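Report on the following structure.
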Amino acid sequence: MITVFRASLCYLCLMSCFVSFAHAEEDSENAPQTQTHYQELRPSFVANFGDTTGKRLKFIKADITLRASSNEAISAVMDHDALIRHQIVMILSAQTEESLASSKGQETLRLGLLEKVKAVLKEETGKEHIDDLLFTSFVVQR
């Protein structure tokens with residue numbers, strides 16, 4: 001009698017698992033699908049930064065990729081590539097050695113670049129378009 005009870009209990013547990021998986025699949029099918037698009041800005045960004053009056057110049061090299069949720073956004077980025085690149089180079093050139101020395105400073109730079117690119121796109125197209133800006137490579141030579 002106890003063995004039949006245990007078998008029934010195990011069967012009920014297994015069935016409830018399958019039912020919950022089926023509901024999860026239905027929920028994911030009904031959820032709106034958003035696509036993520038990445039646009040790598042090529043070529044790499046290279047700029048000198050910091051005090052340029054010294055004997056030795058300091059350089060930064062960064063590979064940057066933009067993340068957006070539509071093809072329209074990627075088209076807008078490509079249409080305004082020169083202006084976006086100019087703004088990024090100007091911001092990179094304005095950095096100090098201290099601001100680039102820590103990961104916190106690099107994250108602050110990343111967020112500042114993101115806001116600047118959004119502002120450029122908003123001014124040019126009326127929309128911010130992009131969701132994120134990512135450093136895929138970041139090298140500082142002091």
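The values are calculated or read from the model by the stated rules, or taken from the named source; none is laboratory data. What you see is a predicted model; the values in this text were computed from it and never measured. In case anyone asks, the SASA skips ligands and DNA or RNA and just uses the protein heavy atoms, side chains included. Shrake-Rupley method; radii C 1.70, N 1.55, O 1.52, S 1.80 Å.
General observations
- Area of Glu128 that stays accessible when all protein chains are in place (1.4 Å probe, Å², to 10): 90
- The stretch 45-142: C-alpha gyration tensor shape, a/c 1.5 cut-off, then a/b vs b/c: prolate
- Of all lysines in the structure, those lying under 29 Å Cα to Cα from Lys127, and not within fewer than 8 positions of it along the same chain, are Lys61, Lys104, Lys116, Lys118.
- Accessible area of His86 (1.4 Å probe, protein heavy atoms only, ligands and nucleic acids ignored): about 90 Å².
- Accessible area of Lys127 in the full protein assembly, 1.4 Å probe (Å², nearest 10): 100
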